[in-house]
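Step one of this worksheet: look at the structure below.
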Amino acid sequence: MVAVRIAWVLFTVTFAFIGGVFGYAVSVYYRTWKPIMELIGNDQRIVLMSTVAFVLLGALLGFILAAFFYRKVVIVAADLQRISFADKVAGVLGVVLGLGVSALIAFQFNSLLRARVPAFALTVPFLATIVCVYLGVALTMSMKEELANALSPGPTAEVAAVPEVLGPTPKFLDTNVIIDGRMADLCKTGFLEGPIYIPAFVLNELQQIADSEDSLRRARGRRGLDVLGRMQKETDTPVEVFDDYGRELDRIAQVDSKLVRLARENQGALVTNDFNLNKVAELQGVPVLNINELANALKPVVLPGEELRVTIVKEGKENRQGVAYLDDGTMVVVEEAQSRIGETISTLVTSVLQTVAGKMIFAEVAPSAPRGRPIPHAQPGDDLFGDNNSDSSGGGQRRTGGRPRRR
């Protein structure tokens with residue numbers, strides 16, 4: 001903090017001094033103007049008062065500009081820690097280019113300014129330096145990729161053939177998805193890889209909700225804080241508070257807009273259950289992980305009350321139960337179907353049980369389900385091939401239309 005205050009004092013004094021010098025130069029030009037000279041004559045008191053007024057006005061203007069430029073310098077200094085190497089190189093080259101151009105301008109016009117307008121001999125080169133440096137940085141930043149390719153050696157064929165290995169995408173949580181509570185269970189399963197970040201402004205909003213006078217909002221906020229505590233303690237996924245962003249993000253009023261911009265600038269994904277935020281983020285090209293869509297994707301394929309047509313293949317563990325299987329291997333336990341093994345019947349789903357081992361469906365025989373034809377069991381003398389040949393020595397029965405024929 002001491003270094004920041006010292007820098008602020010030096011910045012303010014420097015700009016105030018430059019503003020005072022500029023005001024003095026303007027006062028000299030003002031009192032040497034012919035109409036003003038004819039008006040004030042040789043009254044030194046008026047000359048002194050006008051000079052002091054212009055100097056004070058220039059110093060005040062310098063102080064105001066110092067506050068504005070100091071904030072800009074602080075923002076740039078904070079952003080310098082996060083910008084890439086190519087941006088830094090382009091910025092340095094832009095500053096060097098701007099200083100060089102401004103030096104040439106000052107060298108060419110310095111003698112002319114001293115001869116024609118001596119009061120502006122110092123201020124004009126200073127302003128020209130600021131403008132040239134700004135234009136130089138803007139120029140080099142616009143062509144930073146070309147400069148990086150020109151300054152760095154080209155990759156060999158072996159290096160170019162190796163694909164780039166990308167790390168996990170950072171996830172930024174919304175306030176609503178934290179209060180929802182399902183994120184803790186989702187992180188515990190290990191399906192959502194980290195790192196998972198809670199932006200500082202989201203945490204501040206959650207704290208404000210927890211401190212609300214409304215009991216319902218207060219309960220929601222405390223629930224969100226408890227969920228964050230569970231996520232940090234009970235899961236192996238790294239969950240951290242993210243506050244490494246520039247001051248420009250703090251100037252945005254809406255939390256949703258901050259989230260979208262933060263995720264876009266850090267090439268991350270947004271985790272939310274807010275439908276509107278989901279659409280806004282998608283329009284701005286930000287990947288969105290919506291846990292409501294995940295829940296819809298994992299919901300059961302059947303619901304209680306739906307009708308299933310299944311084939312009973314074996315007995316169940318409980319009395320009078322039959323067991324069937326769907327095409328995906330899901331087990332269907334049908335009540336009162338033990339006597340209907342081998343039949344394809346209609347059933348009504350009563351409940352669906354989802355466990356870590358899989359899914360199990362419980363059903364009952366539909367009231368309108370007709371009794372299907374059972375699988376025939378061979379008996380001595382039965383002609384199961386339809387060739388009307390019987391074993392004369394067997395003395396058994398021959399089936400005709402499914403019934404025994406009397407001799």
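Every number in this text was worked out from the coordinates using simple rules, so none of it is lab data. Here the structure is a predicted model, which is why all the values come from computation and not from measurement. Glycine also receives a Cβ, built like all others from the backbone with ideal geometry; neighbour counts cover every protein chain displayed.
Numbers below:
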read-out	value
Cα-Cα pairs of segment 242-368 separated by more than 19 Å (percent)	61
Nitroxide proxy distance, nm - points 7 Å out along Cα→Cβ at Phe68 and Tyr29	1.9
Entries of Lys188/Lys258; Lys171/Lys279; Lys188/Lys233 with Cα pairs more than 19 Å apart	Lys188/Lys258
Volume per residue that the Cα convex hull of segment 307-365 spans, once the total is divided by residue count, Å³	74
More than 19 angstrom apart: percent of Cα pairs within segment 171-297	47
Potential extension, Asn296-Met141 segment - 0.36 nm per residue separation minus Cα distance	51.2 nm
Computed lengthening from Gln267 to Thr14, 0.36 nm per intervening residue step minus Cα-Cα distance	87.1 nm
Stretch gain in nm, segment Lys279-Leu56, where the contour uses 0.36 nm per residue and the Cα spacing is subtracted	74.9 nm
